[in-house]
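Some notes on the structure that comes next.
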Amino acid sequence: MATEALSHALRIALMMLCAMASGCGLLQADQQMRRLGDAMYFTGVAETEKEARGPIVVVLYRLGTAPEPVFLDVIPRSRGVYHLAGPPGSYGILAFEDVNRDMVYEAGEPAVLYEGTALSIDAVNDPPTAAQGLGRIRIPATATAKILPPVFDEAYAALVRRRNEGFGAQAAIDEGRFAPGRVREGLFQPLRFIEEGRAGLFMLEPYDPKRIPVIFVHGAGGSPRDWEFVIDKLDRTRFQPWVFFYPSGFSIGLSALFLNNAVDELHYRYAFPTSVVVAHSMGGLVARGALNIIVREGRAPPVHHVVTISTPWLGHSAARWADIGPTRVPGSWLDMAPDSPYLSELMVVPRPSAIRYTLFFGFGGRSRFVSGNNDGAVSLDSVLAPDIQSRADVVFGFDEDHVSILRSSEMVDKLMQRMRDEANRLPALP
């Protein structure tokens with residue numbers, strides 16, 4: 001009887017995950033989910049002895065006779081926090097000053113080898129001072145013959161290429177990379193999604209320094225296509241749309257890490273003075289996690305306005321049962337459990353006072369699988385948590401469900417008004 005009850009609870013959890021997503025498919029990648037659950041995370045401070053002549057590149061590579069690079073981070077300054085992650089394994093870390101800015105180590109560039117202490121992926125959202133194993137990498141001012149960096153094959157070139165293509169590349173909202181099949185892959189086969197270079201922060205038109213970037217972040221099982229109706233109404237004379245596409249089966253903390261890295265890279269590249277973040281559902285948790293990383297590193301967030309739409313700040317009660325049974329569900333769904341390590345740490349970092357916050361929600365949906373008032377996927381108690389409401393400058397509800405709210409003319413009109421109002425508070429762009 002107990003087993004039947006747990007199986008029923010798991011089915012409910014998966015049904016609720018599907019309800020939050022744009023579509024649903026069978027869990028086909030149990031092995032990937034278990035690898036993700038055991039993911040290793042490395043973080044610390046990397047710096048150069050003298051002012052850097054180029055960015056610092058930090059590479060996580062698997063040890064062995066043929067070293068295999070699995071993750072890289074770029075710090076566009078002389079000192080900063082690096083974030084690296086990979087599946088279980090034995091790793092080394094290479095950090096070098098990328099003098100010629102090609103992201104490839106070459107003889108004559110100062111470099112250092114380092115062996116960090118692996119952390120749980122949950123530590124992505126921990127304060128740096130609390131992280132056990134926080135590593136400090138110091139790159140010498142000049143190259144030394146004592147350092148013999150590993151020789152990487154074409155796998156490193158592919159890693160660099162994926163980063164370059166994913167951070168700031170131009171895309172079309174209707175192109176194949178955002179198709180439903182790719183969305184399902186990101187939800188249930190996130191490692192494959194990353195390995196094939198599908199994730200990134202994409203521009204829908206060439207960068208324009210005279211317009212404010214609007215970063216759209218989708219929810220679980222979503223894609224940039226979810227924002228098509230909203231983007232069509234965007235005032236292109238003042239704003240330019242960027243879309244963040246990530247595998248929503250990853251832990252939310254890891255997705256927040258990707259968003260942080262992408263924004264940091266583009267801010268370094270274009271020096272845009274500010275931006276707006278608009279996030280739906282779980283995307284709000286991703287966006288808040290990325291903001292926390294920026295604040296904890298002591299950087300000034302290049303954003304003045306954050307809008308979340310139907311974000312379940314307190315998680316989803318059905319997610320408590322999501323890790324019961326023989327099949328491992330997406331890591332993001334484990335993070336959605338109330339009081340999960342990710343959610344418990346999410347609101348510890350105060351929102352910078354200079355950032356305005358708008359909270360939108362729908363109240364028109366109904367689901368018998370969600371207790372109390374809900375929008376058809378998440379409870380309003382979670383969306384309208386008192387602590388969250390108290391931090392918002394504007395709270396506004398719409399007679400829409402969890403999905404239809406993104407196609408609501410009333411919501412879009414209100415969103416555009418809020419964006420104009422907050423943009424009017426800013427100095428004119430040069």
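For the reader, a short list of remarks on this structure follows.
- If you look at the Cα atoms of the range 43-101, you get an Rg and a Dmax of 12.0, 35 Å.
- Plainly put, the range 371-425 has a radius of gyration that is 1.02 times its Kirkwood radius, both from alpha-carbon atoms, as the Rg/Rh ratio.
- Highest average first, the peptides 246-254, 66-74, 383-391 ordered by how many other beta carbon atoms sit within 10 Å of their residues are 246-254, 66-74, 383-391.
- Remark: Asp381, Asp232, Asp393, Asp226 ranked as Asp232, Asp393, Asp381, Asp226, counting other beta-carbon atoms within 10 Å and listing the fewest first.
- Each Cα pair of the range 249-317 feeds into the Kirkwood radius, which the Stokes-Einstein equation turns, at 37 °C and 0.692 mPa s, into a diffusion coefficient of 263 µm²/s.
- Here the translational diffusion coefficient of the range 39-143 follows from Stokes-Einstein with Rh set to the Kirkwood radius across Cα pairs; for 20 °C and 1.002 mPa s it amounts to 155 µm²/s.
- For the range 163-303, the extents of the C-alpha atoms along the principal axes are 38, 35, 27 Å, listed from largest to smallest.
- Coarse-grained scattering of the range 159-423 at q = 0.08, 0.10, 0.15 Å⁻¹, given as base-10 log I(q)/I(0) from a Debye sum over alpha-carbon atoms: -0.28, -0.45, -1.11
- Segment Asp208-Gln417, length gained on full extension (0.36 nm per residue, minus Cα span): 73.1 nm
- Rounded Å value of the spacing that divides the Cα centres of the range 235-285 and the range 76-112: 23 Å
- Summing Cβ point charges (Lys, Arg +1; Asp, Glu -1) relative to the Cα centre of the range 39-143 gives a dipole of roughly 160 debye.
- Around the Cα centre of the range 159-423, unit charges on the Cβ atoms of Lys, Arg, Asp and Glu (plus for the first two, minus for the last two) sum to a dipole of about 420 debye.
Coordinate-derived values only; no laboratory data. Treat the numbers as computed from the prediction; the structure is a model and nothing was measured. Backbone-built Cβ (ideal geometry, glycine too); neighbour counts: all protein chains shown.
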